[in-house]
1. Sort out which residues of the stretch 110-139 are of a type outside the set (Lys, Arg), part of a helix (DSSP H, G or I) and farther than 20 Å from Ile287 by Cβ, and write them in order of number.
2. If I go through the stretch 226-245 residue by residue, how many of them are part of a loop (DSSP other than H, G, I, E, B) and either within 17 Å of His351 (Cα to Cα) or free of Cβ contacts under 8 Å to residues at least 40 places away in the same chain (or both)?
3. Does Leu19 fit the bill of being surrounded by fewer than 24 Cβ atoms within 10 Å (Cβ to Cβ) and of a type outside the set (Val, Ile, Thr)?
4. Go through the stretch 153-192 and give me each residue that's within 16 Å of the ligand (Cβ to nearest atom) and touching a Gly at 6+ places or on another chain (Cβ under 6 Å).
5. Wholly within the stretch 349-446, which strands (runs of 3 or more DSSP E) include no fewer than the required count, namely at least 2 residues that are more than 27 Å from Glu332 (Cα to Cα), within 24 Å of the chain's Cα centre (by Cα) and not assigned by TED's automatic domain parsing to the domain that holds Lys242?
6. If I filter the stretch 140-158 down to residues being part of a strand (DSSP E or B) and touching a residue at least 60 places away in the same chain (Cβ under 8 Å), which single residue comes out as nearest to the chain's Cα centre (by Cα)?
7. Based on what the data block shows, is His61 within 18 Å of Gly161 (Cα to Cα), touching an Asp or Glu at 6+ places or on another chain (Cβ under 6 Å) and within 16 Å of the ligand (Cβ to nearest atom)?
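The values are calculated or read from the model by the stated rules, or taken from the named source; none is laboratory data. These figures come from a predicted structure and were not determined experimentally. Glycine gets a Cβ as well: all are built from the backbone with ideal geometry, and neighbour counts include every protein chain shown.
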Amino acid sequence: MQIQFLGGVDTVTGSQHLLTAGGRRVLRDCGMYQGRREDARRINSQLPFEAAAVDAVVLSHAHIDHCGNLPTLARSGYAGPLHATTATVALTGVMLRDAARIQEQDASYLNQKTNRRGQPPVAPLYTLADAEQAIQLLRGCRYGETVESAPGIRVLFQDAGHILGAAVNVFELAENGRRARVGFALDLGRKNLPLIRDPEIMAGLDLLVLESTYGDRLHDDAVRAEDQLAAAVTKTLARGGKVIIPSFALERAQELLYHLTALIAAGRLPKIPVYVDSPMAVAVTRIFQKSSEYFDDATLAVFRRLGNILQADWIHFIESVEDSKKITAGREPCIVIAASGMCEHGRILHHLKHGISNGANTILIVGFQAQHTLGRRLVEGERSVRIFGDWFERRAEVLVLNAFSAHADRNELLDYVRQAAPRRIALVHGEAGQRAALAAALQRQQSAPVHVPANGETMAL
Ligand SMILES: [Zn+2]
């Protein structure tokens with residue numbers, strides 16, 4: 001019995017782990033690696049295993065760094081089941097179709113450039129047809145359910161407390177009378193996030209594979225998110241400005257709607273228009289509206305009291321480009337939630353282009369901003385930024401709200417390990433500094449032996 005650490009090991013994207021027992025192979029996640037274009041193309045197009053030799057796939061959640069390379073897997077000959085929770089199945093459909101569209105657009109953009117230089121055309125990493133092929137393989141289950149993914153490899157789905165439908169998984173492997181229990185806390189969420197329940201603690205683990213994204217960082221408590229949001233909006237409205245929020249379409253946008261509705265219903269904010277200007281966020285929100293069985297008790301109580309808060313009458317879902325343009329041109333105070341979350345593409349760029357030079361406006365940062373993105377440049381306080389090739393002076397205020405995060409921070413990771421009490425720990429999903437810091441902190445709290453695997457490493461179980 002063994003585990004191979006194949007992706008998302010010393011980096012936070014491209015999560016892939018392969019478990020083997022009794023000659024059967026089960027892949028946990030097939031995420032897309034995100035980074036420089038050429039690295040991403042090379043890593044994502046060459047799977048580090050034979051796709052047709054995999055017996056089953058277990059999918060943890062619908063974030064693209066965990067599900068985004070499933071179309072490549074399907075195109076490479078994998079035709080077995082993809083097990084995931086019912087919410088993840090629904091969300092993954094939206095995410096993969098969108099990812100395929102981006103891959104196709106990206107290839108056609110590159111080909112327009114290379115045609116001029118007489119080079120051979122590039123093919124997209126995958127197409128919409130490949131994505132549809134993967135989507136066909138998805139099979140839904142519930143939290144608490146154990147699935148026999150292959151003979152000798154059973155998997156339990158428990159709530160990760162990360163995003164809607166996200167699971168931590170316990171794999172029970174059996175071979176020649178021997179057994180091993182391997183838990184995956186990738187991605188691991190945090191307590192007190194809106195809408196979803198808190199992370200469940202996995203038990204009886206021989207090995208815990210744990211993320212270390214924030215192995216050396218602390219977030220503000222998630223319960224402070226609403227207060228931080230109220231303060232930022234109030235300050236902007238007093239100036240007569242707009243609040244422009246770059247947001248991931250999945251989960252963060254719905255969290256924002258939840259908080260804004262709660263604040264407006266409580267009279268802590270006036271009834272100002274809230275625009276969700278992202279067709280993908282609209283599609284994802286519709287899935288949330290049908291997924292109340294995944295909500296926590298506090299959310300269900302709010303829904304009973306206020307009705308469907310993801311559909312309040314001050315929330316406007318914008319799909320057409322014409323409607324989007326009307327909002328960018330409008331001068332009235334409002335809140336705009338638009339993708340992409342790191343301001344790299346999508347409609348947020350139009351809102352920034354029209355709003356960034358107005359000192360009354362606020363750009364509210366509520367998510368992780370990777371290096372070399374426009375979002376990171378805004379966080380770093382740059383006064384002059386380029387949007388669609390033109391330079392703009394930034395006069396709008398940039399506020400960073402640190403209570404928004406769907407990942408456990410260092411103390412939350414340490415706490416999870418204390419409660420799960422595994423026999424061994426493998427740290428993945430983190431840059432070198434974060435992994436080393438978390439390993440040291442775990443040793444200080446005298447938890448189980450900690451291993452920091454290399455990418456591609458195999459560990460016997
Ligand atoms: Zn995630």
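1. Our first condition is that a residue be of a type outside the set (Lys, Arg); within the stretch 110-139, this holds for 110-112, 114-115, 118-138.
Narrowing further to those that are part of a helix (DSSP H, G or I): 110-112, 114-115, 128-135.
Answer for the stretch 110-139, where residues must be of a type outside the set (Lys, Arg), part of a helix (DSSP H, G or I) and farther than 20 Å from Ile287 by Cβ: Leu110, Asn111, Gln112, Thr114, Asn115, Ala129, Asp130, Gln133.
2. Pass one, the stretch 226-245, residues part of a loop (DSSP other than H, G, I, E, B): 239-242.
Those left that are additionally either within 17 Å of His351 (Cα to Cα) or free of Cβ contacts under 8 Å to residues at least 40 places away in the same chain (or both): 240-242.
Of the residues in the stretch 226-245, 3 are part of a loop (DSSP other than H, G, I, E, B) and either within 17 Å of His351 (Cα to Cα) or free of Cβ contacts under 8 Å to residues at least 40 places away in the same chain (or both).
3. Answer is no for this residue.
4. Residues satisfying the conditions are Ala160, Gly161, His162, Gly189.
5. Values: elements: 362-365, 384-387, 390-393, 397-400, 425-428.
Passing ranges, in order: 425-428.
6. First pass over the stretch 140-158, keeping only residues part of a strand (DSSP E or B): 140-141, 146-150, 153-158.
Keeping just the survivors that are touching a residue at least 60 places away in the same chain (Cβ under 8 Å) gives 147, 149-150, 153, 155, 157.
Values: Val147: 24, Ser149: 24, Ala150: 27, Ile153: 27, Val155: 22, Phe157: 18 Å.
Looking at the filtered set, the residue picked out is Phe157.
7. In short, no.
Every residue, every condition in (1) outside the structural domain of Ala265 (by TED's automatic domain parsing); (2) surrounded by fewer than 24 Cβ atoms within 10 Å (Cβ to Cβ); (3) farther than 26 Å from Thr285 by Cα, yes or no:
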residue	(1), (2), (3)
Tyr143	yes, yes, no
Val155	yes, no, yes
Ala160	yes, no, no
Val170	yes, yes, yes
Gly177	yes, yes, yes
Ala185	yes, no, no
Asp206	yes, yes, yes
Val209	yes, no, yes
Asp227	no, yes, no
